[in-house]
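Peer 1: Supplied in structure tokens, the structure appears directly below.
All of the numbers you see were taken from the coordinates with simple rules; none came from a lab. Since we're looking at a predicted model, the values are computed, not measured. Virtual Cβ from ideal backbone geometry, glycine too; neighbours counted across all protein chains shown.
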Amino acid sequence: MPVADNLTKIQSTIKKACDTSNREQDEITIIGVTKYVTIERTEETIKAGVENLGENRLEGFQEKYGHFKDRAKWHFIGTLQSRKVKDVIDKVDFIHSLDRISLAKEIDKRSTRPVDCFIQVNVSGEDSKHGIALSDVEDFISKLANYPSVRIVGLMTMAPHTDDKKVLRQTFKSLREKRDQIVNVNHSHAPCTYLSMGMSNDYEIAVEEGATHIRIGSKLVGSEN
């Protein structure tokens with residue numbers, strides 16, 4: 001299926017979710033997750049009008065970035081090892097997986113400009129998922145004030161792999177409520193207005209619950225590799 005056709009379907013679903021939740025469609029950023037597809041398919045994705053691309057492995061990011069450079073805004077959405085920060089810094093526009101002080105320290109040391117970061121939160125508490133606990137978010141954000149090149153633009157989570165819409169909705173709602181609490185504190189280093197949540201199987205519910213950034217792979221670009 002051409003990416004442009006997939007994008008039209010996704011945008012239609014987003015519009016429906018926005019109508020349901022009294023939101024504007026332009027509040028939603030679609031991140032095309034290209035980790036499983038070729039350079040050619042990524043090219044098609046950009047030409048279809050997807051301006052934001054997400055990679056979760058360093059090797060995949062380096063390959064795609066080396067080819068496309070500033071033709072896209074780049075989101076690093078996977079676990080980032082501190083020793084690999086030097087390989088992505090000043091290239092990625094957003095890091096979605098900040099979950100420890102050692103990583104913030106390395107970002108601050110290596111960057112020549114403020115880096116927009118999402119704090120990864122393990123809302124569901126699953127052992128298989130990375131991220132800090134929901135109850136630790138405020139304390140973590142307070143500590144990040146020590147790293148001036150780290151700017152917290154939002155929170156990120158991955159929902160459980162389930163078809164139970166109640167569970168999905170509660171996961172996204174919990175992250176939104178935590179985001180709202182942080183916004184009310186008015187940290188200068190953590191405006192924290194964004195919510196990165198929702199993937200191919202659950203983005204409609206995520207949008208209804210306040211997502212600003214949705215990370216779409218298979219439903220948008222497929223998984224041809």
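Peer 1: Go through segment 108-200 and name the GluC sites (Glu not before Pro) that are in a DSSP coil and have 13 or fewer other Cβ atoms within 10 Å of their Cβ.
Peer 2: Glu126
Peer 1: Loop only per DSSP, at most 13 neighbouring Cβ atoms within 10 Å: give me the chymotrypsin sites (Phe, Trp or Tyr not before Pro) in segment 1-102, ordered by residue number.
Peer 2: Passing both the DSSP loop test and the Cβ count: no residue.
Peer 1: Rounded to the nearest whole Å³, what is the per residue volume of the convex hull around the Cα atoms of the chain? List each step's numbers first, then the result.
Peer 2: Values: hull volume 26.9 nm³, N = 225.
Normalising the Cα hull of the chain by residue number yields 120 Å³.
Peer 1: Let me ask something else. Applying 1/(1 + (r/R0)^6) with R0 = 30 Å to the Cβ-Cβ distance of Met1 and His67, what FRET efficiency is obtained, to the nearest 0.05?
Peer 2: 0.85
Peer 1: To the nearest 0.05, how large is the calculated FRET efficiency for Arg83 and Asp139 if R₀ is 25 Å and r is the Cβ-Cβ distance?
Peer 2: Numbers: r = 25 Å, r/R0 = 1.02.
Calculated value: 0.45.
Peer 1: Could you please report the charge total around Glu209, scoring K, R as +1 and D, E as -1 over all other residues with beta-carbon less than 9 angstrom from its beta-carbon?
Peer 2: +2
Peer 1: Hey, another quick one. Which number comes out as Rg/Rh for segment 148-190 once both Rg and the Kirkwood Rh are worked out on C-alpha atoms?
Peer 2: That ratio is 1.11, to two decimals.
Peer 1: Can you list residues whose amide H is under 5 Å from Tyr194's amide H, if they're 5+ apart or on another chain and H is modeled 1.01 Å from N?
Peer 2: Hits under the 5 Å cutoff: Gly154, Leu155.
Peer 1: Show me the GluC sites (Glu not before Pro) within segment 34-109 that DSSP assigns to loop and that have at most 13 other Cβ atoms within 10 Å of their Cβ.
Peer 2: In loop regions of segment 34-109 (DSSP not H, G, I, E or B), the sparsely surrounded GluC sites (Glu not before Pro) are Glu51.
Peer 1: Work out the FRET efficiency for Arg110 and Glu177 from their Cβ-Cβ distance, taking R0 = 35 Å, and round it to the nearest 0.05.
Peer 2: The calculated FRET efficiency here is 0.60.
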